[in-house]
Amino acid sequence: MNAIAMTGAAAALTGLLLAGNGDKAPPDPRDYGPDRIDISSYPDEQRKEYVVYSAKCVKCHPLARSVNAHYDARDWKRYLKRMIRRPNSGINEEQAAQIYDFLKFHADKMGY
Ligand code: HEC
């Protein structure tokens, strides 16, 4: 078994062990891709929003799930509603608006 397969197996196991609380999303191939966005060239506003995004969107799956989704702004509008509506999301409307603004900026910049 190579290192990547091992990491995947360990993460899948962790997912199973944590599944008991009802919040965890089942593992997904996107979880094993890059888990951060390079914001070094982003404006201050989006840098602040990234802090909210990277703190809030890691509760039920790794940040990588969304980093590797490559959705455009319209998709994000729809998906964010779906995520914050989940019980125990811990994300309020104001935070969701900041996260949306960040993801929209990023999607536009990347040309998704
Ligand atoms: C309360 C738990 C929870 C939180 C918090 C959460 N998610 Fe999720 N997310 C899930 C679950 C469960 C799934 C898998 C089922 C689904 O797609 O709805 C998922 C799936 C996803 C997917 C893949 C969707 C698909 O159809 O393949 C993306 C992208 C995503 N989340 C982004 C985010 C972002 C961005 C945030 C932060 C705003 C976030 N999630 C916060 C539970 C959560």
- Query: Taking the Cα centre of segment 28-110 as origin and charging only Cβ (+1 Lys, Arg; -1 Asp, Glu), how large is the dipole, in debye to the nearest 20?
  - Reply: 380
- Item | Interchain or long-range residues, amide H under 5 Å from His61's placed H | Ala25
- Message: What does the extension gain come out to for Lys59 and Arg86, with contour length at 0.36 nm per residue minus their alpha carbon separation?
- Response: 8.6 nm
- Carbon-plus-sulfur fraction of the accessible area of segment 28-110, 1.4 Å probe, in percent? 51
- Would you please classify the overall shape of segment 28-110 from the alpha carbon gyration tensor, given that a ≥ b ≥ c denote the square roots of the eigenvalues, rounded means a/c under 1.5, and beyond that prolate means a/b larger than b/c while oblate covers the rest? rounded
- Excluding same-chain residues fewer than 8 positions from Lys59, which aspartates and glutamates have a Cα within less than 19 Å of its Cα? Asp23, Asp28, Asp31, Asp35, Glu49, Glu93, Glu94
- Query: With labels modelled as points extended 7 Å from the Cα through the Cβ direction, what inter-label distance (nm, one decimal) is found for Ala69 paired with Asp38?
  - Reply: 2.3
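The values are calculated or read from the model by the stated rules, or taken from the named source; none is laboratory data. Nothing here was measured: the structure is a model prediction, and the numbers come from that model. Please note: Cβ atoms are built from the backbone with ideal geometry, for glycine as well, and neighbour counts cover all protein chains shown. Ligands, DNA and RNA are excluded from the accessible area calculation, which covers all protein heavy atoms including side chains. Shrake-Rupley method; radii C 1.70, N 1.55, O 1.52, S 1.80 Å.
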